[in-house]
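After the structure tokens below, expect a handful of questions from me.
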Amino acid sequence: MRGHIGDMEAVMAMCEEHGVDLVEDCAHSLGGRYKGKHTGRFGKAGSFSTQSHKMVNSGEGGVLVTDDEELYAKAVLYSGSQEKFWKKHFFESSHFDRHQENVPNFSMRMSNLAAAVLRPQLELVEDWIGVFDANYAALETILSQSEYVYVPPRRPEVRRGPDTIQFTLPDFDDDQISALTARLKACGLAVDVFGRPGSPRFFKSWRYIEGIEATRLPITEAILTRTYDIRLPRTLTFDEVSAIGMVIVDAIDDIVAPLEVSPASTAPR
Ligand SMILES: Cc1ncc(COP(=O)(O)O)c(C=O)c1O
């Protein structure tokens with residue numbers, strides 16, 4: 001989620017124990033590495049988004065990576081490869097002929113135009129990671145000055161270029177969160193928590209999963225309803241990042257000053 005990378009050794013051990021194939025959603029973790037290994041290279045497949053809010057931007061689109069030859073062939077066919085258009089790809093496989101007529105064609109190919117916009121950006125990823133990381137570190141430093149704010153600690157084995165930042169206010173109640181969101185909006189910072197009703201990042205919004213409304217995940221819900229998510233476009237300057245940080249810290253102070261809330265603990269509750 002949002003490019004955070006967990007303990008991949010523990011994740012892989014769990015998958016192995018239960019016979020589960022891992023598919024990595026790497027929408028926000030392009031360039032991210034765990035102990036030097038790229039995200040998307042741990043599981044059976046990984047998918048990267050190149051939609052316009054992501055580190056590399058082709059307007060819409062994305063990339064699938066896999067070492068599984070059959071999966072690769074099927075993905076090419078699903079994306080649209082009627083009349084043996086797969087022959088134009090750089091990799092031949094007997095799986096194409098085998099699956100040609102069994103795999104539906106969803107015609108979701110990336111256009112040449114989008115690919116042409118994307119390819120030069122890929123060469124800049126390493127440089128951009130430094131920019132994203134510097135902006136993130138600057139905001140992390142300012143936010144961490146507030147005793148009410150919890151920013152997830154960095155894992156030394158992880159390298160990433162975050163295009164968003166998340167911070168939690170573990171001791172805030174629902175009214176304080178609403179008041180803070182309103183105050184930030186009034187200051188020109190239209191941000192919100194993951195756990196707002198209707199948010200696509202809040203599991204309660206996933207009505208396509210049967211029984212989701214009855215699902216009780218109280219710890220997850222407590223974290224999501226107190227965790228803000230802010231986009232950090234690469235073009236933000238240091239001054240802009242500093243201003244964002246100061247606006248947030250001042251707004252938090254304004255909310256808590258008359259209410260005497262106890263300071264944040266070291267972990268979200
Ligand atoms: C974790 C995650 N997966 C998937 C997506 C969707 O990517 P796309 O818009 O390219 O389908 C996003 C978009 O932000 C995301 O954050």
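For n ≥ 4 DSSP H runs only, could you compute -39500 (n - 2.57) per run for the chain, divide by its residues and tell me the 222 nm figure to the nearest 500?
That calculation yields -11500 deg cm²/dmol at 222 nm.
If you stretched the chain out fully between residue 17 and residue 4, how much longer would it get, using 0.36 nm times the residue separation minus the C-alpha to C-alpha distance?
Numbers: separation 13, 0.36 × 13 = 4.68 nm, distance 2.33 nm.
Stretched fully, the residue 17-residue 4 segment lengthens by 2.3 nm.
Where does the Debye-calculated log10 I(q)/I(0) of the stretch 35-182 sit at q = 0.14, 0.18 Å⁻¹, using only Cα point scatterers of equal weight, no solvent?
Taking Cα atoms of the stretch 35-182 as identical point scatterers yields -0.87, -1.13.
What distance in nm lies between label points placed 7 Å from Cα along the C-beta direction at residue 52 and residue 253?
Here the modelled spin labels are 3.7 nm apart.
While we're here: Note down the nm distance, to one decimal, between modelled labels 7 Å out along Cα→Cβ at residue 213 and at residue 25.
With each label placed 7 Å out from Cα toward Cβ, I get 2.3 nm.
To continue, here is another question. Whole-Hz ³J(HN,Hα) for each residue in the stretch 55-60, computed from phi via Karplus 6.51 cos²θ - 1.76 cosθ + 1.60 with θ = phi - 60°, x for glycine and proline: what do you get?
4, 10, 9, 10, x, 10
By average Cβ neighbour count within 10 Å, what is the ranking of 208-215, 73-80 from highest down?
Values: 208-215: 8.5, 73-80: 18.8.
Put in order of decreasing packing, that is 73-80, 208-215.
Across 10 Å bins from the origin, how do the percents of Cα pairs in the chain run, short distances first?
6, 23, 31, 24, 11, 4, 1, 0
Report, ordered by chain and residue number, the lysines lying within cross-link reach of residue 74, taken as a straight Cα distance under 16 Å and ignoring same-chain residues fewer than 8 apart.
Result set, ordered by chain and number: 44, 84, 87, 88.
Which order do peptides 39-48, 3-12, 169-178 fall in by mean Cβ count within 10 Å, highest first? Mind showing how you got there, number by number?
Working: 39-48: 18.9, 3-12: 15.4, 169-178: 17.0.
Result, highest mean first: 39-48, 169-178, 3-12.
List the aspartates and glutamates whose Cα sits under 12 Å from the Cα of residue 204, skipping any in the same chain fewer than 8 residues away.
Those aspartates and glutamates meeting the cut-off are 213, 221.
Taking the square root of 5 times each eigenvalue of the Cα gyration tensor, what semi-axes in Å does the equivalent ellipsoid of the stretch 42-97 have, largest first?
Working through the eigenvalues yields semi-axes of 23, 15, 8 Å.
Turning to a different aspect of this structure: Can you give me the orientation-averaged projected area of the convex hull built on the Cα atoms of the stretch 122-234, in nm²? Before the final figure, lay out each step's value.
Details: hull surface 37.1 nm².
The orientation-averaged projected area of the Cα hull of the stretch 122-234 comes to 9.3 nm².
Here, each number is a calculation from the coordinates, and none is a lab measurement. Remember, predicted model here, so these are calculated numbers, not experimental data. We place every Cβ from the backbone using ideal geometry, glycine too, and count neighbours over all the protein chains shown.
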